[in-house]
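What follows is a set of notes on a single structure, which appears directly below.
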Amino acid sequence: MKKVLGALVFFIFIANTYAQMDNNLNLSNNNLLQMGTISVTIGGEFVAAGTFPALITERVDAFITRMYDQAQQAMTKTTNDPAMLEQLEKKINNYVLRNITLIRASGEVLHLDIQKFRLNGDFENNPYLKNDDVIIFPQPDLEHNSFTVSGAVNNPGKFFFVEGDRLQDALELAQGINKAYENIDSVEIHRLNYDGNRISIIRTDLNSNPPLERGDGIIVVAKESQKKGFNVIVSGEVNNPGRIPVTKNNTTIREVIEKAGGFKQDASLRRSKLFTGTSLPLLLEHYYGLDLKTYPDVLDNDLLNFLLRFQNGMMMRMSNVDEMDSSYFLMENDLRILLGSGPVDFTKLGDSTSNVSDYVVNDGDVIIIPRKESTVEVFGQVAEPGKVNYVEGKDYEYYIKEAGGKGEYARDDVMLIKAVTQEWIPIDDDRAVIEEGDFIYVPRTLSKSFNYYVKTTSIFLSIVGSLATIALLVVNLTK
């Protein structure tokens, strides 16, 4: 019942909205009425239906474009509700520009293809309007009344089918053959039978012009071109940062750095990182909060998230990881996927004993070269947390002292966090060598309230009571 009422409310809203849009259209055309204009009627499936004034110098395309623009402007004035606006947008764009019927007052009937006119400029499909013309738009049923074009064309997609369409019409609507492709072999027309359970393939060449049928799938067959814009992004401390052109699968990281002009003097090779093209979008989304939908050149966000969940699911499916460890395991697996190929040691570029220079980069990879960080950052329970100038050979006590000393609630188990690996090392460990860019963390002693001790004591007493009960039961049973 709620769904019916909701649909009824939306229907009433749409009806009122279109009534207001008609009023606004009529008001906006009052100026035209004062210019000695002609009268044109629009019918069929178009956003504006009715009789409207048109200039005697207007052609069909200009007239319907003006009607569409005015209807869209009127629509935005009716509501600020995003959901309603989305529904109205769907309705206002639910029309096609092919097989438009123009009926003259004399009885002459013309069939127009505005979509073709916009591609080839043939004015036969876009005549001047005359008084009492009637323009009728067809039903926009792209599900059953269309064909698709794919392969080596400039504009692949689904197109409205018109009786009499042939292969050359389809290629024209797809804006011709894409010049990036070479040695185009043939054209295949995939045609389902009426029941949809059998498909036949009609093979022909580009110069033929066989008739099409509704539902045809046209494929312009060509070996996929690999002449694409393969790039690696290099940012940070290089002389020529930006997009560096690379080949499909044989440009090394050394060559990329050379094309980027080499490292600057203050580049920190120790903290430089390479992110793979597939890992970076996920990294930006999950760890930096960027909305990838605003970046059209990044892979589909939903697909990337699905792949991440899929990987996690497959890794967990046969595991014995318990609930306590699962969150940590999933975090580690996310990082494994995001880091892709793993860390690349930029300090070994050019080292003949290392194979780092021969590492092959891929399209979409990102190399980040940060500036040398001549500081150590101290945070946690210190009086003045922040960055302290790095002095080679100084121990952690020096840096804590420079940060104002320990706070009242500081714990003794200070941790060194390495800048490159983010590894946590106890400060008294032999491996805890402080280097530029590292972090020193002074943890806090957890304060326990009175309620904490009361709760802990009650749990302890309940356990003791349970043990005493069991002991008495055992004694009684052994008598």
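When each of Val96, Val109 is tested for being at pLDDT 95 or above, in contact with a strand residue (DSSP E or B) (Cβ under 9 Å, 6 or more places away or on another chain) and at negative phi, the lone residue that passes is Val109. Scan the range 73-80 and give yes if some residue there is of a type in the set (A, V, I, L, M) and in contact with a helix residue (DSSP H, G or I) (Cβ under 9 Å, 6 or more places away or on another chain), otherwise no. Within the range 73-80 (the criterion being of a type in the set (A, V, I, L, M) and in contact with a helix residue (DSSP H, G or I) (Cβ under 9 Å, 6 or more places away or on another chain)), the answer is yes, since at least one residue qualifies.
Yes/no matrix, rows are residues, columns are (1) within 30 Å of Phe346 (Cα to Cα); (2) in contact with a strand residue (DSSP E or B) (Cβ under 8 Å, 6 or more places away or on another chain); (3) at pLDDT 90 or above:
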position: Tyr390; (1), (2), (3): yes, yes, yes
position: Ala403; (1), (2), (3): no, yes, yes
position: Leu416; (1), (2), (3): yes, yes, yes
position: Ile434; (1), (2), (3): yes, yes, yes
position: Arg444; (1), (2), (3): no, yes, no
position: Tyr452; (1), (2), (3): no, no, no
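Quick one: is Val134 at pLDDT 90 or above, among the aliphatic types (A, V, I, L, M) and under 21 Å from Thr57 (Cα atoms)? Spelling it out, Val134 is indeed at pLDDT 90 or above, among the aliphatic types (A, V, I, L, M) and under 21 Å from Thr57 (Cα atoms).
Regarding Pro370, is this residue in contact with a Leu (Cβ under 8 Å, 6 or more places away or on another chain) and more than 30 Å from Met316 (Cβ to Cβ)?
Numbers: in contact with a Leu (Cβ under 8 Å, 6 or more places away or on another chain): no; more than 30 Å from Met316 (Cβ to Cβ): yes.
Spelling it out, it is not the case that Pro370 is in contact with a Leu (Cβ under 8 Å, 6 or more places away or on another chain) and more than 30 Å from Met316 (Cβ to Cβ).
Screening the range 98-111 for residues that are without any contact (Cβ under 8 Å) to a residue 40 or more places away in the chain and in a loop (DSSP other than H, G, I, E, B) and picking the one that is surrounded by the most Cβ atoms within 10 Å (Cβ to Cβ) gives Arg104.
For the range 149-198, residues that are among the hydrophobic types (A, V, I, L, M, F, W, C), over 16 Å from Val221 (Cβ atoms) and surrounded by fewer than 15 Cβ atoms within 10 Å (Cβ to Cβ) total 0. Remark: pairs (first residue in the range 380-408, in contact (Cβ under 8 Å) with a residue 24 or more places away in the chain; second residue hydroxyl-bearing (Ser, Thr, Tyr) and in a loop (DSSP other than H, G, I, E, B); Cβ separation under 7 Å; 6+ apart in sequence or on different chains) = Gln381/Tyr409; Tyr390/Ser374. Restricted to the range 112-131, and to residues there that are in contact with a strand residue (DSSP E or B) (Cβ under 7 Å, 6 or more places away or on another chain), touching a residue at least 40 places away in the same chain (Cβ under 8 Å) and not in a loop (DSSP other than H, G, I, E, B), the residue that is surrounded by the fewest Cβ atoms within 10 Å (Cβ to Cβ) is Tyr128. Pull up the range 320-371, narrow it to residues that are modelled with pLDDT under 75, in a loop (DSSP other than H, G, I, E, B) and within 26 Å of the chain's Cα centre (by Cα), then point me to the one that is surrounded by the most Cβ atoms within 10 Å (Cβ to Cβ). Taking the candidates together, the pick is Gly340.
Out of the residues in the range 257-273 that are assigned to a helix (DSSP H, G or I) and aliphatic (A, V, I, L, M), state the one that is nearest to the chain's Cα centre (by Cα). Show your work before the answer.
Looking only at the range 257-273, we keep the residues that are assigned to a helix (DSSP H, G or I), and these are 257-259, 269-271.
Now drop any that are not aliphatic (A, V, I, L, M), which leaves 257, 269.
Details: Ile257: 29, Leu269: 31 Å.
The selected residue is Ile257.
Among the residues of the range 38-70, how many are in a helix (DSSP H, G or I), over 31 Å from the mean Cα position of the chain (by Cα), buried (at least 16 other Cβ atoms within 10 Å of the Cβ) and not polar (S, T, N, Q)? Total meeting the criteria: 6. Here Tyr194 passes the criteria (1) in a loop (DSSP other than H, G, I, E, B); (2) under 27 Å from Arg98 (Cα atoms); (3) at pLDDT 90 or above except the one numbered (3). Pairs are defined by a Cβ separation below 9 Å, a sequence spacing of at least 6 or placement on different chains, a first member in the range 434-445 that is closer than 13 Å to Val376 by Cα, and a second member that is part of a strand (DSSP E or B) and among the aromatic types (Phe, Trp, Tyr); the pairs so defined are Phe439/Phe379; Ile440/Phe379; Tyr441/Phe379; Tyr441/Trp424. Assessment of the range 80-96 against the conditions (of a type in the set (S, T, N, Q), more than 22 Å from Gly164 (Cα to Cα) and surrounded by 15 or more Cβ atoms within 10 Å (Cβ to Cβ)) yields at least one matching residue. Scanning the range 80-97 for residues that are assigned to a loop (DSSP other than H, G, I, E, B) and over 16 Å from Val134 (Cα atoms) gives Asn80, Asp81, Asn93, Asn94, Tyr95, Val96.
Quick grid of which residues meet (1) outside any strand (DSSP E or B); (2) in contact with a Ser or Thr (Cβ under 6 Å, 6 or more places away or on another chain); (3) touching a residue at least 60 places away in the same chain (Cβ under 8 Å):
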position	(1), (2), (3)
Leu171	yes, no, no
Leu206	yes, no, no
Ile218	no, no, yes
Val234	no, no, yes
Ile244	no, no, no
Thr247	yes, no, no
Glu255	yes, no, no
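Determine whether Glu408 is assigned to a loop (DSSP other than H, G, I, E, B), at pLDDT below 90 and either among the aromatic types (Phe, Trp, Tyr) or surrounded by 13 or more Cβ atoms within 10 Å (Cβ to Cβ) (or both).
Numbers: assigned to a loop (DSSP other than H, G, I, E, B): yes; at pLDDT below 90: yes; either among the aromatic types (Phe, Trp, Tyr) or surrounded by 13 or more Cβ atoms within 10 Å (Cβ to Cβ) (or both): no.
Criteria not met by Glu408.
The values are calculated or read from the model by the stated rules, or taken from the named source; none is laboratory data. Just so it is clear, the model here is predicted, and its values are computed rather than measured. No Cβ is skipped: glycine too gets one built from the backbone with ideal geometry, and neighbour counts run over all protein chains shown.
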